[in-house]
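Please treat every number below as a calculation from the coordinates, not as lab data. Since this is a predicted model, take the numbers as computed values, not measurements. Because the Cβ atoms are built from the backbone with ideal geometry, glycine has one as well, and the counts that use them run over all protein chains shown.
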2 protein chains.
Amino acid sequence: MKAQPAESSGGSSDRLLRASSALADIGLDALLLGPSADLRYLTGYSPMPLERLILAVVFPEGEAHLIVPELESPGAEAATAGSIELIRWKDGADPYELVGKILRKISRVAVGDRLWTSHVLALQRQIPSAEMVPATELMGGLRSIKDPDELDALDRAARAADRTFELIRGQVFTGRTERDLGAELARMLVEQGHDRADFTIVGAGPNSASPHHEPISWRIAPYDVVVMDFGGELEGYFSDITRTVVVEDEPAGFRQMYEVVSAAQEAAFQAIKPGTRAQEVDRAARAVIGEAGWADGFVHRTGHGIGLELHEAPYIVEGNGTPLAPGMTFSLEPGIYLPGRFGVRIEDIVVVTEDGARRLNASDRSLYVVH
Amino acid sequence: MKAQPAESSGGSSDRLLRASSALADIGLDALLLGPSADLRYLTGYSPMPLERLILAVVFPEGEAHLIVPELESPGAEAATAGSIELIRWKDGADPYELVGKILRKISRVAVGDRLWTSHVLALQRQIPSAEMVPATELMGGLRSIKDPDELDALDRAARAADRTFELIRGQVFTGRTERDLGAELARMLVEQGHDRADFTIVGAGPNSASPHHEPISWRIAPYDVVVMDFGGELEGYFSDITRTVVVEDEPAGFRQMYEVVSAAQEAAFQAIKPGTRAQEVDRAARAVIGEAGWADGFVHRTGHGIGLELHEAPYIVEGNGTPLAPGMTFSLEPGIYLPGRFGVRIEDIVVVTEDGARRLNASDRSLYVVH
């Protein structure tokens, strides 16, 4: 069955057809996707990933099948609304054999990143002579440029995250634990319009120097630096913002470091325009921090794309030569971390425009003192 | 560095050593695990799965490494507490090459099910002559038999799910949407002690015949059958219960079907004892439904293991010859579905005991009428 064009231009069938032609362009014989943001993007279907095989098989000529366990088929039918042919299998049957028959003649196949290893290895046994390549780049290329509906959801999520920061900085910090503040952030993210909170990193005092710190029972005290990195999901799209504050007063040597990170974030922002390569944006931030003598303290890339996943293409990192294009959305989040002392990170989500970039987060980036 | 035995017998280092000896027993040269319940089980470390490679490499002699991006290393250090050697890599470096060097001489390696495809394929390129097999069975064997702390968490989660059902059946159903009831269940699951709600399936009227129905705007009316299948996470462990109720009165022909499913669930329960194969439990439930003439309506397996994941080994399905052993926990959830009319499913979590089984869910299984 051919994929049917949907009525709206953002419909998933239109996306299936774009995936088909992308396959044809790069000389791939098929695309295999399990439950994932990729599958949701192409078909509108968003099942829980389970050990039972659920697999979309897309061919370059526009033919597409969705292999589903029988008990998932009502949900699959409802979500895909006829845009893709369903092939059902029952518990006890061998779904890999079934896929093997469909894929008999292919020699090069792209496989989605989230397909479980047991499925990947079982499919390799069915088509031993076929070369598997990750579908990461193919799907990243399709998904990285957001359509207006997607931008609208990302905009609303960013504003809800902004309001969450405005609310949290008015709260009492002294005497509270990181975990308690993290729970408060999660509550506020939902209150401000997210469907769910996704993550709330709160690193205080020396923990602010751990970029992905899990909130613990550290009790916040005056002179603590507090890094808060949080986000939620709104209609399938994510927010992600980081602000760093100080409690009562800044520790010695902190202000200068904060200003350097802030300048690095602005330099990255100014570096964005259509055609610029992703790594150039990373270099712009890194140059500012390097010149200030803190190159070793900036232990991560400058940013990551954001959309149906919190982290997706384009990655703003050395080695990524992808040219930026209008509609791409990603984070700018340089940081400096001094182990045992403190850290700073400042993060906004931005969208590439026709002549530069626009920040989706409008929240002030100057250094706030909390109490 | 050798894995160090932890102080408590349930400690993750002890589990690492058990994984090492399991590898040796089945003649595997290494085990590779990304962020997953498997990694959490063995090391206590539970990072978000990210596109940056995080990988545990375990050898049969007890040697074990954890490859982590530099920015994740403080969290990894804190969680693993010296039980496994950390190998750090920076954004921009090639972590696969690093793993390739560590794995130079291996010929057969087990790979965790949740490792992303791009990682699996990149690792295959580093060790092209090595055979990869899924680590599913190896890790399932270790994780399926729960220790007392795990059973305690599963018990508490089951009781919280029981209380949620007791509360929801006292609520008004008529006139409410499935989605509204689902949100109410999610709220109650947390209120009753879960750290978070994981899923709330509410299928009413003809939707009760779709086993994994997503709650929608269907408005519940008298004579509707309502299947509610819900669960949450408590300290990393899951609950999962299904109850089917009728609104005001049962539709024609429903009562008999309900009694058959209830008898099938009890037959499965009675079939459990140490040494019985998992598929025998499935057959026991299926025989009851088959004798009643509804074999075609029972479209899924009888159950699945439960623990750090909602679905894990042992699967209670035809073809699974795993002998049951004390401490194994799984669901018993036979169902019958008549498309376009209605469905029934009744599910409890059980634990295998020395001489049979015990239900963790104590909630009554008789047919309730709601209003």
Task: Peptide A:287-297 - average C-beta neighbours from other chains (10 Å radius) - done: 0
TODO: Along Cα-to-Cβ, 7 Å out, sits the label point; list in nm, shortest first, how far the one on A:Thr174 is from those in the other copies.
DONE: 5.9
TODO: Point me to the residue of chain B whose C-beta lies closest to the B-onto-A rotation axis, rounding the distance to whole angstrom.
DONE: B:Val120, 3
Open item on the list: Under the convention of a label 7 Å out along Cα→Cβ, give the distances in nm from A:Glu191 to the same position in every other copy, shortest first.
Closed with: 1.9
- [ ] Would you list, by chain and number, the lysines whose Cα falls below 21 Å from the Cα of A:Lys146, excluding same-chain residues fewer than 8 positions away?
- [x] A:Lys273
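For the stretch B:28-103, state which GluC sites (Glu not before Pro) are in a DSSP loop and have at most 16 other beta carbons lying within 10 Å of their beta carbon.
Listed in order of number, the matching sites are B:Glu51, B:Glu61.
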TODO: Count the DSSP beta bridges whose two residues both fall in the protein assembly as shown, then state the antiparallel fraction as a percent rounded to the nearest 5.
DONE: 75
Task: Translational D in µm²/s for the stretch A:244-371 (Stokes-Einstein at 25 °C, 0.890 mPa s, Kirkwood Rh from C-alpha pairs) - done: 165
Open item on the list: Running a GNM on chain A with Cα contacts under 10 Å, which residue among A:Arg219, A:Arg243, A:Arg277 ends up with the highest mean-square fluctuation?
Closed with: A:Arg219
Open item on the list: I want the antiparallel fraction of DSSP beta bridges within chain A, as a percent rounded to 5.
Closed with: 75
- [ ] Report, by chain and number, residues whose modeled amide H sits under 5 Å from the one on A:Trp218, excluding near sequence neighbours (fewer than 5 apart, same chain).
- [x] A:Glu178, A:Arg179
Open item on the list: Using a 7 Å offset from Cα along the direction of the beta-carbon, what are the separations from B:Gly27 to the same position in each other copy, nm, ascending?
Closed with: 4.1
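Please average, across the residues of A:109-121, the number of beta carbons from any other chain that are within 10 Å of each residue's own beta carbon, and give a whole number.
6
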Open item on the list: At 0.36 nm per residue, and after removing the present C-alpha to C-alpha distance, how many nm does the segment from B:Asp355 to B:Asp94 gain when stretched out fully?
Closed with: 88.7 nm
Open item on the list: Whole percent per 5 Å bin, from 0 to the bin with the longest distance: what is P(r) over all C-alpha pairs of the stretch A:114-222?
Closed with: 2, 10, 13, 13, 12, 10, 11, 10, 9, 5, 3, 1, 0
TODO: Rounded to the nearest Å, what's the spacing between the alpha carbon centres of the stretch A:188-266 and the stretch B:341-371? Just the number, please.
DONE: 45
Task: Global geometry of the stretch B:148-370, whether rounded, prolate or oblate, following the gyration tensor of its Cα atoms and the 1.5 cut on a/c - done: oblate
Open item on the list: Among B:Leu324, B:Leu50, B:Leu123, which one shows the highest mean-square fluctuation when chain B is modelled as a Gaussian network with alpha-carbon springs under 10 Å?
Closed with: B:Leu50
- [ ] Provide A:Glu309, A:Glu259 in ascending order of the number of other Cβ atoms located within 10 Å of each residue's Cβ, fewest first.
- [x] A:Glu259, A:Glu309
Task: the stretch A:26-133: trypsin sites (Lys or Arg not before Pro) in DSSP coil with no more than 13 other Cβ atoms inside 10 Å - done: A:Lys90, A:Arg104, A:Lys105
Open item on the list: Given 37 °C and 0.692 mPa s, compute D for the protein assembly as shown with the Stokes-Einstein relation, Rh being the Kirkwood radius over Cα pairs; round to the nearest whole µm²/s.
Closed with: 121
TODO: Report, for the stretch B:1-124, the % of DSSP beta bridges that are antiparallel, rounded to 5.
DONE: 50
TODO: Would you pull out the residues with amide H under 5 Å of A:Ile87's amide H, same chain only if 5 or more places away, H placed 1.01 Å from N?
DONE: A:Leu66, A:Ile67, A:Val68
Task: Label zone at B:Asp195 (point 7 Å along Cα-to-Cβ), backbone N below 15 Å, the stretch B:238-255 - done: B:238-239
Task: Computed label-point distance, nm, for sites B:Glu235 and A:Ala24 using a 7 Å Cα→Cβ extension - done: 5.8
- [ ] Using a Förster distance of 41 angstrom, determine the FRET efficiency expected from the C-beta separation of A:Val133 and B:Ser46, and round it to 0.05.
- [x] 0.85
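Could you line up B:Ile87, A:Ile127 from fewest to most neighbouring Cβ atoms inside 10 Å?
Ranked by crowding around the Cβ, least crowded first: B:Ile87, A:Ile127.
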Task: Residue with peak Gaussian network fluctuation, chain A [Cα springs, cutoff 10 Å], from A:Ala24, A:Ala284, A:Ala135 - done: A:Ala24
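How do A:Leu42, A:Leu167, B:Leu181, B:Leu121 line up, fewest other C-beta atoms within 10 Å first?
Least crowded to most crowded, the residues run A:Leu167, B:Leu121, B:Leu181, A:Leu42.
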Open item on the list: Restricting to DSSP H runs of at least four residues, report the calculated mean residue ellipticity at 222 nm for chain A, -39500 (n - 2.57) per run over all residues, nearest 500 deg cm²/dmol.
Closed with: -10500 deg cm²/dmol
Open item on the list: What distance in nm separates the two pseudo spin-label positions at A:Ile216 and B:Glu70, each 7 Å out from Cα along the beta-carbon direction?
Closed with: 2.2
Task: Backbone N within the stretch B:222-258 under 14 Å of label point (7 Å from B:Glu166 Cα along the Cβ vector) - done: none
